[in-house]
Structure formats: C-alpha cells, structure tokens
Amino acid sequence: GKIFEQIYRPWNGPLGPRWVRNYAIYRHHVYGIISSTGHRRYHPFVRLLLLVVILGSMTPILMLLLSTMVSDDATGFLNRMWGVNRYNLWGNVLGYFPRNLCMWPLLTALVVGGMISDDRRNGTSAIYFSRPVNRIDYTAMKYLSSAVVLGFVIVFSYMVYYTSAIVLNGEGWAFLIDTFPIFMGGLLAGILLVLTYTSIGLALSSISQSRFFAAVAFLAVIYGTKMVAFLIESTFESSILYLLSPYDGLAHIGQWLVGIESNYDYPLAFSIVSILLINSLSLALLTSRVSSLEVTRE
C-alpha cells in the first residue's frame, strides 16, 4: 500500500462577505420547502403535511368569509364563534385543539427534526466548518431558518386572521383601537411560542444523528409533559407539574398577555421562570453540542 500525506492549504483568494455565507445556510433550509434544486430536500409527504397545516391554520378566515354570505342571524352567530375577541385571538396561537394538539408540534417536528442531526449523520459539518463559517453563525442561521418557517405559519396566519376579520366585516377605527392591544398580546405570545418550540426542537436535533429520533423526542416532550401533568392533577389535585409543560407555560403567559382568565392556580411568575429555564437549558444544550462538531465526518 501507499501512505498519502494530506495537507490543507489555506485559501488566499477573495472571500464573500459574512452575510453571504450566512444567507447561504438560511436559503438552503428555507427555500428547500419550495424548491429542491440546490437546497435541502424535503420529502413530498413532509411538504404535503406542511400544506395541510397551513390550510388548517387558515380555517377561521374561511368561516369569516362565510359569515359575509349568509343571513344576518347566522352572521351574528358566526361572528361570535369565529370573530375577533380575546379568546379567539388567544386560541389562534395557543389553543390546545387543534393548534397545539395536531398542528404546531407536528409542524415543528417536521421542520427541525433533521436540521442538525442530518449534519451529524452525513458529515455536512465538515463542509460548513472547513469554510469560513464559525459556530455562532452556524447555530444562528439554523435557529433563524427554523423560526422563520414556524413563524410564517403560526404568526403570519394569526396576522392574516386579524386583518381579514377587520376587512371582511368592514370594521372602523374604533374597533381597531379596542382590539389592537389584544392583538399585540397574542402576537407576542405567538413569537414566544415560535422561539420556545425552535429552541427545544434544535436542542433535540443536535444530540442525535437521526431526524426521526429528534422529531419523536420533540413530540414526546410536548405531549408527554402535558399528559403527565394532567394525570397528576386528576389523581392528586395538584397542578404544579404543569410548570414542566412548555405548552402550559406558554398558555399561562398568553392568557395574561391577552387579558383572559387564567386556568392555572399558581402565580404567573412561575410560568415565566419555567419558560425562561426551558429556553435557557435548550440553548445551552444546543451550543454545547454544536461546539462538539468537528471538521471531520462523525
């Protein structure tokens, strides 16, 4: 046999600016949902599920449109059921069924499942870090890519719902002034939901080489903590374990932001601390795992 000596020579030519390299990472993941040419390939089944989730999140807009085509009595009923109020604005972001039971966790699992685990399995990290891409930029662009996809579905659909309700019902400035503070509270809750789910999802993706494990682990965290807390409350009449549930912490904060009655017995500060700890631990795990990626195939 022969022994070959590999020598890495530095590139002495001109390099593109930092934002171009970062944008390439962002574009690779976000544009891959629409086009597979030169971008991350999403399975057609995943794309179909993403389309179903998007259409499902637009259902209230369809009901608002229907209310403009029926009689006055039916219009009043539909407006009460689907129109803009505190509970509907909260439900369009943080409602348990179907939003946080069928849509948002599944959407997050599909998007972030292979975000970092694919790099660990396929050795793509060697391509990233052999270029002038540092780990901070790598982590930030992965995080931004996931948050943008989730935000487009969750936050954008929420904003379209609010705008459609005003336009379709012909509401005036008085209605806008009355409901805009509630709308902003729901918007902040939606952004916090996107950030929290992205942090948990990427942290789980960073500890595995399987996108399936990361996706299932994320669903287990969201549903498992919710079900355990529910069973403990049903058996021992204690709701303190809801602090372990990311959904319930976000729901509690969202109820305060939009000004509706809380369903939880413990103070709001507990939920705020819980969400901050969940995000902090997830980000700490994510950065620790990314720092362990080497410029070699793992």
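Residue check: is ILE177 under 16 Å from the mean Cα position of the chain (by Cα) and surrounded by fewer than 18 Cβ atoms within 10 Å (Cβ to Cβ)? No: the conditions fail for ILE177. A count restricted to the stretch 130-142 and to residues that are at pLDDT 80 or above, within 18 Å of PRO17 (Cα to Cα) and not β-branched (Val, Ile, Thr) stands at 6.
Looking across ALA215, ALA220, ALA189, ALA174, one residue alone is free of Cβ contacts under 8 Å to residues at least 60 places away in the same chain, in a helix (DSSP H, G or I) and under 30 Å from LEU62 (Cβ atoms). It is ALA174.
Per-residue answers, yes or no, for (1) out of contact with any helix residue (DSSP H, G or I) (no Cβ under 8 Å at 6 or more places or on another chain); (2) of a type in the set (Val, Ile, Thr):
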{"site": "THR163", "(1), (2)": "yes, yes"}
{"site": "ALA174", "(1), (2)": "yes, no"}
{"site": "PRO181", "(1), (2)": "yes, no"}
{"site": "GLY186", "(1), (2)": "no, no"}
{"site": "LEU193", "(1), (2)": "no, no"}
{"site": "THR196", "(1), (2)": "no, yes"}
{"site": "GLY201", "(1), (2)": "no, no"}
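Within the stretch 117-138, the set of residues being closer than 17 Å to ARG27 by Cβ and in contact (Cβ under 8 Å) with a residue 24 or more places away in the chain comprises ASP118, ASP119, TYR128, ARG131, VAL133, ASP137, TYR138. Could you grab me the full set of residues in the stretch 139-154 that are free of Cβ contacts under 8 Å to residues at least 60 places away in the same chain and open to solvent by 50 Å² or more (accessible area, probe 1.4 Å)? Of everything in the stretch 139-154, just one residue is free of Cβ contacts under 8 Å to residues at least 60 places away in the same chain and open to solvent by 50 Å² or more (accessible area, probe 1.4 Å), namely PHE152. Put simply, of TYR87, TYR96 the only residue that is within 16 Å of the chain's Cα centre (by Cα), open to solvent by 60 Å² or more (accessible area, probe 1.4 Å) and under 28 Å from ILE222 (Cα atoms) is TYR96.
Report whether or not ALA126 is of a type in the set (Gly, Ala, Ser) and within 15 Å of the chain's Cα centre (by Cα). No, not satisfied.
For ALA126, the conditions (1) surrounded by 20 or more Cβ atoms within 10 Å (Cβ to Cβ); (2) more than 30 Å from LEU187 (Cα to Cα) are fulfilled apart from (1). None of ILE136, ILE182 is in contact with a Lys or Arg (Cβ under 9 Å, 6 or more places away or on another chain) and on the phi < 0 side of the Ramachandran plot except ILE182. Condition test on ALA109, is it assigned to a helix (DSSP H, G or I), surrounded by 18 or more Cβ atoms within 10 Å (Cβ to Cβ), small (Gly, Ala, Ser) and at pLDDT 85 or above? Judged against the criteria, ALA109 is a match.
Determine if the stretch 233-256 includes at least one residue that is in contact (Cβ under 8 Å) with a residue 60 or more places away in the chain and β-branched (Val, Ile, Thr). The answer is yes, given that some residue of the stretch 233-256 is in contact (Cβ under 8 Å) with a residue 60 or more places away in the chain and β-branched (Val, Ile, Thr). Among the candidates SER164, SER157, SER130, the residue that is farther than 30 Å from MET63 by Cβ and not β-branched (Val, Ile, Thr) is uniquely SER130. Among the residues in the stretch 243-266, are any among the hydrophobic types (A, V, I, L, M, F, W, C), out of contact with any Leu (no Cβ under 7 Å at 6 or more places or on another chain) and more than 28 Å from THR139 (Cα to Cα)? So far as the stretch 243-266 goes, yes, one or more of its residues are among the hydrophobic types (A, V, I, L, M, F, W, C), out of contact with any Leu (no Cβ under 7 Å at 6 or more places or on another chain) and more than 28 Å from THR139 (Cα to Cα).
The values are calculated or read from the model by the stated rules, or taken from the named source; none is laboratory data. On a predicted model such as this, the values are computed, not experimentally measured, just so you know. Positions of Cβ are backbone-derived with ideal geometry, glycine not excepted, and every protein chain shown enters the neighbour counts. Quick note on the areas: whole protein, heavy atoms, side chains included, nothing else; ligands and nucleic acids left out. Shrake-Rupley method; radii C 1.70, N 1.55, O 1.52, S 1.80 Å.
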